[in-house]
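Remarks on the structure that follows.
The values are calculated or read from the model by the stated rules, or taken from the named source; none is laboratory data. Keep in mind the model is a prediction, meaning the values are calculated, not measured. Reconstructed Cβ throughout: ideal geometry from the backbone, glycine too, with neighbour counts over all protein chains shown.
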Amino acid sequence: MKSHTKHIWIETKKRIEFLNITDEVQKEIDVSGIKEGLCLVNAMHITASVYINDAEHGLVEDYKEWLRKLVPGKPEDYKHNLTGEDNAYAHLMRTVMGREAVCAVTNGKLDFGPWEQIYYAEFDGCRKKRVMIKIIGE
């Protein structure tokens, strides 16, 4: 079994931003030479997420609204923020959206259903953060 690991760096322009990273992940599968296996894509920060869904702008906006309803209030409403932080909401959003995505690799390509894409969701952005792509297989 072979493995390939790549760390990519992302710096968003906004504090909350969603980026389609499918092409970058596929590029690493191509570099790996792995034709059959699994690909893990992992947000390496506790205020960011990786998930799979439709690449549709309206859905991304729906996610943002939904998350704000799940995590309402002002910074002073959260105990974590009493320590001098202001990003408790980002930790909670990450918990809801998850840490990583695992995808099948078949014939050297991401084996997706219709419309599936890999997204990086940033909840406390405007600084560099790392995403790990790990591909294992033959």
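Would you confirm, using the coordinates I've provided, whether residue 27 is within 16 Å of residue 109 (Cα to Cα), at pLDDT 95 or above and either assigned to a helix (DSSP H, G or I) or touching a helix residue (DSSP H, G or I) at 6+ places or on another chain (Cβ under 9 Å) (or both)? Judged against the criteria, residue 27 is a match.
Of all residues in segment 95-123, those satisfying the criterion of being outside any strand (DSSP E or B) and either surrounded by fewer than 22 Cβ atoms within 10 Å (Cβ to Cβ) or free of Cβ contacts under 8 Å to residues at least 24 places away in the same chain (or both) are 95, 96, 97, 98, 99, 107, 108, 111, 112, 113, 114, 115. Regarding residue 40, is this residue part of a strand (DSSP E or B), of a type in the set (A, V, I, L, M) and either surrounded by fewer than 11 Cβ atoms within 10 Å (Cβ to Cβ) or touching a residue at least 12 places away in the same chain (Cβ under 8 Å) (or both)? So residue 40 passes the test.
Do you know which residues across segment 86-115 are out of contact with any strand residue (DSSP E or B) (no Cβ under 6 Å at 6 or more places or on another chain), over 19 Å from residue 70 (Cβ atoms) and of a type outside the set (Phe, Trp, Tyr)? Listed by number, the residues that qualify are 104, 106, 107, 108, 109, 113, 114. Take the residues of segment 36-88 that are touching a Pro at 6+ places or on another chain (Cβ under 8 Å) and not polar (S, T, N, Q): which is nearest to residue 102 (Cα to Cα)? This residue is 88. Residue check: is residue 128 among the basic types (Lys, Arg), over 13 Å from the mean Cα position of the chain (by Cα), under 28 Å from residue 5 (Cβ atoms) and surrounded by fewer than 18 Cβ atoms within 10 Å (Cβ to Cβ)? For residue 128, the condition - among the basic types (Lys, Arg), over 13 Å from the mean Cα position of the chain (by Cα), under 28 Å from residue 5 (Cβ atoms) and surrounded by fewer than 18 Cβ atoms within 10 Å (Cβ to Cβ) - is met. Just one of the listed residues (63, 78, 51) is surrounded by 15 or more Cβ atoms within 10 Å (Cβ to Cβ), without any contact (Cβ under 8 Å) to a residue 24 or more places away in the chain and of a type in the set (Ser, Thr, Tyr), namely 78. A count restricted to segment 43-62 and to residues that are assigned to a strand (DSSP E or B) and within 30 Å of residue 85 (Cα to Cα) stands at 6. Scanning segment 79-94 for residues being under 14 Å from residue 124 (Cβ atoms) and in a helix (DSSP H, G or I) gives a total of 9. Remark: residue 106 matches the filter, which requires a residue to be under 29 Å from residue 6 (Cα atoms) and β-branched (Val, Ile, Thr).
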